[in-house]
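Asks: Below is one structure. I have some questions about it.
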Amino acid sequence: DIYTIDLSLKYDTTNDFLYPTNGIKNNLSIEFSPNEISDDNYIKSTISNSIFYEQTNQDFLFLINNLGYADSFSGNLKTKNTYSLGGLSFKGFNYKGIGPFSDDIYLGGNKFFTSTIGYGGSFIFDKKDNINFKLFATTGSVWDSDYSNSGFELRSSLGISIDFLTVIPISISYAVPIQKQDFDKSRNFNFNIGTSF
């Protein structure tokens with residue numbers, strides 16, 4: 001039996017829910033599975049911070065940071081509860097493409113961080129066209145796995161994304177890894193429903 005207690009605190013002053021260009025958004029989430037009522041006991045906490053600074057009515061700067069820590073109260077943290085990086089969480093790498101594998105099982109890590117800085121806006125098209133570009137650079141790592149001796153190693157990527165803000169928003173991005181490890185799996189193109197960041 002697995003029972004969890006979830007706590008989330010949010011602070012949001014951004015000017016748009018879907019595609020913010022100005023304001024600050026902070027989020028703290030804690031997932032707690034206590035030993036007394038759960039067979040899988042652990043704690044997992046994640047902090048997210050996004051800062052958007054509008055320069056004109058067509059372009060803006062942004063900084064997005066994420067930090068996470070997870071641990072088990074007894075034994076090793078199960079791989080399903082570890083952090084993973086890659087795909088939408090770290091463009092330029094495959095989904096669960098950052099970090100070690102063992103017998104084709106992704107091990108992840110008990111700790112992670114990512115930091116993305118970028119420049120975005122509708123500076124190529126008119127703002128009413130609802131086509132927005134973002135240039136971005138991301139750095140980060142996932143580490144401290146209970147099943148691997150891989151330590152803290154930085155990864156980084158550079159990329160560009162296009163957001164089509166229609167009734168159903170669509171995002172296409174292309175990113176290239178700049179720093180990676182031999183066991184990491186790269187993936188340049190990403191397509192998703194929603195915005196890129």
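Asks: Conditions: (1) among the acidic types (D, E); (2) within 20 Å of the chain's Cα centre (by Cα); (3) surrounded by 15 or more Cβ atoms within 10 Å (Cβ to Cβ). D16 meets all but one. Number of the miss?
Replies: (3)
Asks: Something else now. Identify, please: which residue in the stretch 67-122 is of a type in the set (V, I, T) and assigned to a strand (DSSP E or B) and is, among those, nearest to S186 (Cα to Cα)?
Replies: I98
Asks: So I37 ticks every box in (1) surrounded by fewer than 19 Cβ atoms within 10 Å (Cβ to Cβ); (2) touching a Ser or Thr at 6+ places or on another chain (Cβ under 9 Å); (3) aliphatic (A, V, I, L, M) but one. Which box is left unticked?
Replies: With respect to (1) surrounded by fewer than 19 Cβ atoms within 10 Å (Cβ to Cβ); (2) touching a Ser or Thr at 6+ places or on another chain (Cβ under 9 Å); (3) aliphatic (A, V, I, L, M), I37 is out only on (2).
Asks: Assess whether I117 counts as being surrounded by fewer than 16 Cβ atoms within 10 Å (Cβ to Cβ), at pLDDT below 95, of a type in the set (A, V, I, L, M) and more than 22 Å from P100 (Cα to Cα).
Replies: no
Asks: Go through E36, E31 for me and flag whichever is on the phi < 0 side of the Ramachandran plot and modelled with pLDDT under 90.
Replies: It is E36.
Asks: Take D71 and tell me if it is touching a residue at least 24 places away in the same chain (Cβ under 8 Å) and under 22 Å from the mean Cα position of the chain (by Cα).
Replies: The answer is yes for D71.
Asks: Oh, and also: Restricting attention to the stretch 145-197, and to residues there that are surrounded by fewer than 18 Cβ atoms within 10 Å (Cβ to Cβ) and among the charged types (D, E, K, R), which single residue is modelled with the lowest pLDDT?
Replies: Filtering the stretch 145-197 for residues that are surrounded by fewer than 18 Cβ atoms within 10 Å (Cβ to Cβ) and among the charged types (D, E, K, R), the one modelled with the lowest pLDDT comes out as D182.
Asks: Within the set of pairs 6+ apart or on separate chains, which have a first residue in the stretch 151-174 that is without any contact (Cβ under 8 Å) to a residue 60 or more places away in the chain and farther than 14 Å from K134 by Cα, a second that is of a type in the set (S, T, Y) and crowded, with 16+ Cβ neighbours inside 10 Å, and C-beta atoms under 7 Å apart?
Replies: F152/S141; E153/S141; L154/T139; L154/S141; S156/T138; S156/T139
Asks: Now for a separate question. What is the residue count in the stretch 8-27 for residues that are among the polar types (S, T, N, Q) and either within 18 Å of G121 (Cβ to Cβ) or touching a residue at least 40 places away in the same chain (Cβ under 8 Å) (or both)?
Replies: 4
Asks: Determine which single condition D40 fails, assuming it passes every other condition in (1) assigned to a strand (DSSP E or B); (2) touching a Lys or Arg at 6+ places or on another chain (Cβ under 7 Å).
Replies: Looking at each condition in turn, D40 falls short on (1).
Asks: For the structure I just gave you, tell me whether S141 is surrounded by 15 or more Cβ atoms within 10 Å (Cβ to Cβ) and within 17 Å of Y19 (Cα to Cα).
Replies: In short, no.
Asks: If I ask for residues that are without any contact (Cβ under 8 Å) to a residue 60 or more places away in the chain and surrounded by fewer than 18 Cβ atoms within 10 Å (Cβ to Cβ), which ones from the stretch 57-68 would you list?
Replies: Across the stretch 57-68, the qualifying residues are L61, L63, N65, L67.
The values are calculated or read from the model by the stated rules, or taken from the named source; none is laboratory data. This one's a predicted model, so the numbers in the text were calculated from it and none came from an experiment. Quick reminder, even Gly has a Cβ in these numbers, built from the backbone with ideal geometry, and neighbours come from all protein chains shown.
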